[in-house]
Amino acid sequence: MQSDMRELLRIATPTAAVGAIATLVGGLVAGGKGAIGAVVGCLVVILFMALGQLALQWVAKSMPHLFQGMGLLVYSVQLVILLGLIMAIRNTTLFDLQVFALALVASVITWIIAQTVLHARSKTLYVDPEAESRNAPGGTEGKHDQ
């Protein structure tokens with residue numbers, strides 16, 4: 001679980017940095033409401049994506065045969081919840097909606113790029129070195145006749 005949290009931190013850090021830049025730009029362009037909109041947009045992305053990734057990592061470890069279906073389900077649920085959130089805040093005056101939307105899009109793009117780079121750099125074992133000894137017939141403990 002600790003490596004999962006480290007992975008999330010490595011992805012969330014650049015996303016938070018883009019959110020900080022969006023907050024600064026939103027504050028300069030649209031004032032305080034723009035800054036609040038950028039912060040809310042970035043936080044929504046980090047919360048949604050982190051919870052989705054944690055759910056998928058749990059499924060991958062406990063029920064790997066359901067991973068692809070759960071990935072589609074998580075993605076669909078995230079879209080429906082985001083649609084509900086947008087419908088709920090569409091008439092708000094608490095923050096600038098345009099800055100919110102731009103910060104949301106910039107944060108999602110940053111999250112996806114960071115996740116892709118992290119995955120591309122990770123060293124994934126394609127062969128389980130312990131599988132041979134576990135699957136050896138009759139107690140040969142992985143030794144083959146020569």
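The values are calculated or read from the model by the stated rules, or taken from the named source; none is laboratory data. For clarity, every value in this text was computed on a predicted model and none was experimentally measured. Every residue, glycine as well, gets a Cβ built from its backbone with ideal geometry; the counts of neighbours run over all protein chains shown. With ligands, DNA and RNA removed, areas are computed over all heavy atoms of the protein, side chains included. Shrake-Rupley method; radii C 1.70, N 1.55, O 1.52, S 1.80 Å.
Annotations for the structure displayed:
Each row is one residue, and each column tells you yes or no for (1) open to solvent by less than 60 Å² (accessible area, probe 1.4 Å); (2) of a type in the set (A, V, I, L, M); (3) under 23 Å from Thr13 (Cβ atoms).
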residue	(1), (2), (3)
Gly32	yes, no, no
Ala35	yes, yes, yes
Val40	yes, yes, yes
Leu51	no, yes, yes
Pro64	no, no, no
Gly69	yes, no, no
Leu73	no, yes, no
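- Comparison of Leu28, Leu8, Leu56 shows that the only residue that is on the phi < 0 side of the Ramachandran plot and open to solvent by 50 Å² or more (accessible area, probe 1.4 Å) is Leu28.
- For the range 40-64, filtering for residues that are small (Gly, Ala, Ser) and under 23 Å from Val18 (Cβ atoms) leaves 3.
- Looking across the range 67-126, the residues that are of a type in the set (S, T, N, Q), closer than 20 Å to Ser3 by Cβ and in a helix (DSSP H, G or I) come down to Gln115, Thr116.
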